[in-house]
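*Asks:* One structure follows; several queries about it will come next.
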């Protein structure tokens, strides 16, 4: 099934590559993409809060590396857990999906996704496993083609030989504008069993405020790519807007949706997402208290974060930093407007750029590095998946 993003018009496609590149060089600075090396700088800017009660996470957390599950991965980006715990990992540049045994780290190549056109920040990006996987064996992928970004589902048949286990992609959504930068790409199924997607504005900043465009948005759709009853506008997939480049989506124990967002030159953000709300870009970056816009719950200097994936575990949001080369812990207070305490940084500079973090059950997280995508400094063994114990 091939579904347009909106029923009321044709979506806008990207501006020319030359315009995007000039915008990046003239106004975006290093944080516009994820290109710059990672300075070691001061803690994030976020308010302190009242003392936690017994049911809140501690103000101070901890991270311990349990093991390196696997290494030698090429440009890993999207990661999703199968029932039973094994992981599916996508290669942004090679457009392949590989299964990783959660105990041994052994790799099995499922196959490649046809139609992927890697370039700039585009390629095979987010992965998600259908909540009905036990019955239908469907895997969802967000990827860049020669003309746009798309979401497709592929059937996974593990009885077939390695490398031939993926069925042909069934495109459920096409026409998400693409660019050399800011393609978004994270997808995840929510507690409501609907599919959410974070998109970027491709460097064309005005698209973020244009409700007729899927760019610079968080989209909410059925597993077939249709608008969901209860979306802010009944004929639209747009769930929230005013985003620059969303690459992290996660839900807390209260089923609240959180999203990480790349800033331009000043502030990266962690946002609590509410349907229909405007998160400010390009009019607002960071906490400004401007009327009509939602301020982030926490913000960081762009040198400290450039956030991609996020996950929820042990009462906190955990956020992977690319340029910042660190894992951030944001303990949640239960309030809508502030964390329990200042975010804490862990693993600073130890594993290079960090792309994806995924809940592994209880006090465990999977953490995926990103040093082989052309922007990091690859070391022997890169890229790798680490198992962490957190508090």
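Derivation of every value follows stated rules applied to the coordinates shown; laboratory data play no part. Keep in mind that this is a model prediction, so the values were computed, not measured. Cβ placement follows ideal geometry from the backbone for every residue including glycine, while neighbour counts extend to all protein chains displayed.
*Asks:* Ranking request for peptides 315-322, 64-71: highest mean number of other beta-carbon atoms within 10 Å first, then the rest in descending order.
*Replies:* 315-322, 64-71
*Asks:* Neighbour counts of other C-beta atoms within 10 Å: give me 243, 229 arranged from fewest to most.
*Replies:* Starting with the residue having the fewest Cβ neighbours, the order is 229, 243.
*Asks:* Normalised by the empirical 2.2 N^0.38 Å for globular proteins, what value does the Cα Rg of the chain take?
*Replies:* Numbers: Rg = 19.1 Å, N = 391, 2.2 N^0.38 = 21.3 Å.
In units of the 2.2 N^0.38 Å rule of thumb, it is 0.90.
*Asks:* Per-residue counts of other Cβ atoms within 10 Å, averaged by peptide: what ranking do you get for 82-90, 154-162, highest first?
*Replies:* 82-90, 154-162
*Asks:* How do 333, 91 rank when sorted from fewest to most other Cβ atoms within 10 Å of their own Cβ?
*Replies:* Least to most surrounded, the residues fall as 333, 91.
*Asks:* Can you give me the C-alpha center-to-center distance between the stretch 195-231 and the stretch 339-391, rounded to a whole angstrom?
*Replies:* The distance from the Cα centre of the stretch 195-231 to that of the stretch 339-391 comes to 27 Å.
*Asks:* Assuming R0 = 30 Å, can you tell me the calculated FRET efficiency for the pair residue 155 and residue 229, based on Cβ-Cβ distance, to the nearest 0.05?
*Replies:* That pair, residue 155 with residue 229, gives E of 0.65.
*Asks:* By counting other Cβ atoms within 10 Å of each Cβ, how are 151, 172 ranked from fewest to most?
*Replies:* 172, 151
*Asks:* Contour minus end-to-end for residue 64 and residue 104, with contour as 0.36 nm per residue of separation and end-to-end as the Cα-Cα distance?
*Replies:* Going from the current span to full extension adds 12.5 nm.
*Asks:* If you project the alpha carbons of the stretch 43-178 onto their three principal axes, what span does each projection cover, largest first, in Å?
*Replies:* Computed over the Cα atoms, the extents are 53, 37, 31 Å.
*Asks:* Give me the extension gain from residue 290 to residue 255: residue separation times 0.36 nm, minus the current Cα-Cα distance, reported in nm with one decimal.
*Replies:* On the way: separation 35, 0.36 × 35 = 12.60 nm, distance 2.67 nm.
Full-extension gain reported as 9.9 nm.
*Asks:* Also: Relative contact order of the stretch 58-390: what whole-number percent is it, with Cα pairs under 8 angstrom and at least 6 residues apart?
*Replies:* After rounding, I find 14 percent.
*Asks:* Fully extended, how many nm does the chain gain between residue 350 and residue 364 (0.36 nm per residue separation, minus their Cα-Cα distance)?
*Replies:* 3.2 nm
*Asks:* At 7 Å along Cα-to-Cβ for each site, give me the label-to-label distance between residue 283 and residue 337 in nm.
*Replies:* Taking the simple label geometry, residue 283 and residue 337 are separated by 1.9 nm.
*Asks:* In whole angstrom, note down how far apart the Cα centers of the stretch 275-322 and the stretch 114-162 are.
*Replies:* The stretch 275-322 and the stretch 114-162 have Cα centres separated by 27 Å.
*Asks:* List the extent of the Cα atoms of the stretch 209-314 along each of their three principal axes, largest first, rounded to whole Å.
*Replies:* 38, 34, 20
*Asks:* So, one more: Taking the Cβ-Cβ separation of residue 74 and residue 391 as r and a Förster radius of 41 Å, what is the calculated FRET efficiency to the nearest 0.05? Write down the numbers at each step before the final one.
*Replies:* Details: r = 32 Å, r/R0 = 0.79.
Efficiency, from the Cβ-Cβ distance: 0.80.
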